[in-house]
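For reference, the structure is listed below as structure tokens.
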Amino acid sequence: MSGAASGGLTFASLGSGSKGNATLVSDGETHLLVDCGFGLKETERRLARLGLHPRQLDAVLVTHEHGDHIRGVGPLARRHKVPVYLTPGTWLSGRLGELPQRHWITPQARFAVKGLAIDPITVPHDAREPVQFAISGAGHRLGLLTDLGHPSAHVVEAFAGCDGLVLECNHDRRMLAEGPYPASLKRRVGGDWGHLANVQAAWLLQRLGLDRLQRIVCSHLSEHNNRPELALEALVPLLDGDDSRLRIAAQDDGLAWQTLG
């Protein structure tokens, strides 16, 4: 558990993409799992890879009800007695099953889990009551910003001033247009309530400002409509060609512990 206990605010990815998403955030004392899109055994395996047992988790925070974000939430909560925080709209989707310890969250209303302060922020996405999270602790602020169709003014304002950012780079617009998806799915993914294209992620990053950002993680890359090098190509020019602050959260390998501070 050395990464999670290394001081400062740390974060890691169990995996990110259309087959499953989950992100760990820790200040060394409090351990949060944001989403859990993998089955129970796979989640346990990926947590172990990052040095954590499920019973060390203080909470699971849920962004929205799509399967690649909630597949393991119910089984994990029931097996290991982990509290789950989610919006009423996400719960009313009916996709989570029994949650022994369920806590409502209200968009734009800060709450805390032990030493970590959490801001749930409304985002434009095709779910019932979706949010993304900005998490503060150990003197630093981490933005988790995936699954949004466009970078709204509200999102820009809410995620300003972060020290680290996990940012959706879902698709390359040309690859999506020329790719294998049916036209209806292309419209959904590329629409205002779907997912961010690389160029939109770059636009948003410019508006948020780069001075404070120690780590920028490209996440939720599409298996069919993007490549890591295309995501990096869109963002590196904003950093004067220096990619040392950039990381990729991969579907299979996730991302090892990163430290802010």
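The values are calculated or read from the model by the stated rules, or taken from the named source; none is laboratory data. Computed from a prediction, not measured in an experiment: that's the story for all the values here. Cβ sites come from the backbone with ideal geometry, for glycine too, and all protein chains shown count toward neighbours. Each accessible area value is taken on the protein alone, full model and side chains, heavy atoms only, with ligands, DNA and RNA left out. Shrake-Rupley method; radii C 1.70, N 1.55, O 1.52, S 1.80 Å.
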What distance in nm separates the simple spin-label points at R187 and D252, each placed 7 Å from Cα in the Cβ direction? 3.5 nm
Add -39500 (n - 2.57) for each DSSP H run of 4 or more in the chain, then divide by its residues: what number comes out at 222 nm, to the nearest 500 deg cm²/dmol? -6500 deg cm²/dmol
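Report for region 27-174 the percent antiparallel among DSSP-assigned beta bridges with both residues inside it, nearest 5.
So the antiparallel bridges in region 27-174 amount to around 55 percent.
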With a 4.7 Å Cβ cut-off, tell me which Cys residues in the chain come up empty for a partner. C36, C162
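Pop the C-beta distance of H224 and V156 into the FRET formula with R0 = 30 Å and round what comes out to the nearest 0.05.
Numbers: r = 29 Å, r/R0 = 0.95.
The pair H224/V156 has a calculated efficiency of 0.55.
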Using a cut-off of 15 Å between beta-carbons, work out the net charge of the residues near L24 (Lys and Arg +1, Asp and Glu -1, L24 not included). 0
Cα centroid separation, region 7-61 to region 199-261 (Å): 20 Å
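Where in the chain are the helices, taken as whole DSSP H runs, whose Cα atoms extend 24 angstrom or more along the long axis and whose Kyte-Doolittle mean reaches at least 0.5? Mind dumping the intermediate values first?
Details: long enough: none.
Once both thresholds are applied, nothing remains.
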First check a/c for region 1-141, with a ≥ b ≥ c the square roots of the eigenvalues of its C-alpha gyration tensor; if it is under 1.5, answer rounded, and if not, answer prolate when a/b is larger than b/c or oblate otherwise. oblate
With a/c under 1.5 counting as rounded, go ahead and sort region 109-251 into rounded, prolate or oblate using the C-alpha gyration tensor (a ≥ b ≥ c being the square roots of the eigenvalues; past the cut-off, prolate if a/b is larger than b/c, else oblate). oblate
Roughly speaking, what % of Cα-Cα pairs in region 80-189 are separated by over 23 Å, rounded to a whole number? 41 percent
Chain lengthening between D242 and V199 when straightened (0.36 nm per residue, less Cα-Cα): 13.7 nm
Would you please state which residues of region 22-56 a label at Q214 would reach in this model, taking the label point 7 Å out along Cα→Cβ and a backbone N cut-off of under 14 Å? 26-28
With every protein chain left in place and a probe of 1.4 Å, what is the accessible surface of E98, to the nearest 10 Å²? 120 Å²
Under 30 Å Cα to Cα from K81, which lysines show up? Leave out anything in the same chain fewer than 8 places away. K19, K41, K114
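Which percent, nearest 5, of DSSP beta bridges in the chain are antiparallel?
Numbers: 28 of 49 bridges.
Antiparallel: roughly 55 percent of the beta bridges in the chain.
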With every protein chain left in place, what is the accessible area of T122 in Å² (1.4 Å probe, nearest 10)? 60 Å²
First select every other residue whose beta carbon is under 15 angstrom from the beta carbon of H103; then total the charges, Lys and Arg +1, Asp and Glu -1. +1
Inter-label distance, nm, simple model (7 Å from Cα along the C-beta direction), T106/R79: 3.5 nm
